[in-house]
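Here's the structure we're looking at; comments come further down.
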Amino acid sequence: MTRIIAGAAGSLALRVPDRGTRPTSDRVRESLFGGLDASGILDGARVLDLYAGSGALGLEAVSRGAASVDLVEKSASAAAVTERNARTVARAVGSSTVRVHRSSADLFLQSTRGLFDLVFVDPPYDLDDGALAATLALLADVAAPGAIVIVERASRSPEPGVPAQLGLLRTKRYGDTTLWWFERELDADQPAAPSQSR
């Protein structure tokens, strides 16, 4: 079991898939969302959670004021757990839109028509660097100008290979886990949406 840390669904318990996923620890989530709360990006954000597992990252964002979240999980058994958690949090939050997609990350990115303000990328640690770079290249097309993209990897992994549109903001190591924060560069003729103000 893990829990939503704060917000409208704070303290609600979430189920975790039996195998094949690696939930982000409470300590890492607490630090991560402290930074996101301080940035102001969560309020009204359109959130994408790739390799969602239990959905804890995306559902935490909705609990704290995001307008919507799309949870993408390839494993049928894990997606069933994600759907159950999504229903639990959606009832607590009320007005937010929570969608679960049983799909690989790449297929979802190739087919979605949406733009997202905040993206969590938390793949299995055994996903090779080339496959992750390919996913991040696809992601550049669905990240809104000014969007924040957070990649979680093992600390022993090199910095993720990202397309030119994603600029590194900072990195933070938590023992065996490291978070890389990237920002989608603004298009030359397009200002950031109001929800991007930080």
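The values are calculated or read from the model by the stated rules, or taken from the named source; none is laboratory data. On a predicted model such as this, the values are computed, not experimentally measured, just so you know. Neighbour counts are summed over all protein chains in view; Cβ atoms, including those assigned to glycine, are modelled from backbone coordinates with ideal geometry.
The table that follows gives values for the structure above.
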| item | result |
| --- | --- |
| Number of positions in region 117-134 that are outside any strand (DSSP E or B) and either of a type in the set (Asp, Glu) or within 25 Å of SER39 (Cβ to Cβ) (or both) | 6 |
| In region 3-39, the residues that are modelled with pLDDT under 90 and over 16 Å from the mean Cα position of the chain (by Cα) | PRO17, ASP18, ARG19, GLY20, ARG27 |
| Single match in LEU186, LEU169, LEU179 (criterion: of a type outside the set (Ser, Thr, Tyr) and either farther than 24 Å from SER39 by Cβ or out of contact with any Asp or Glu (no Cβ under 7 Å at 6 or more places or on another chain) (or both)) | LEU186 |
| Criterion (free of Cβ contacts under 8 Å to residues at least 60 places away in the same chain and part of a strand (DSSP E or B)) met by exactly one of PRO145, PRO160 | PRO145 |
| Failed condition for ALA90, given (1) closer than 26 Å to ALA8 by Cα; (2) of a type in the set (A, V, I, L, M, F, W, C); (3) under 16 Å from the mean Cα position of the chain (by Cα) | (3) |
| For GLY175: the one exception among (1) touching a residue at least 60 places away in the same chain (Cβ under 8 Å); (2) on the phi > 0 side of the Ramachandran plot | (1) |
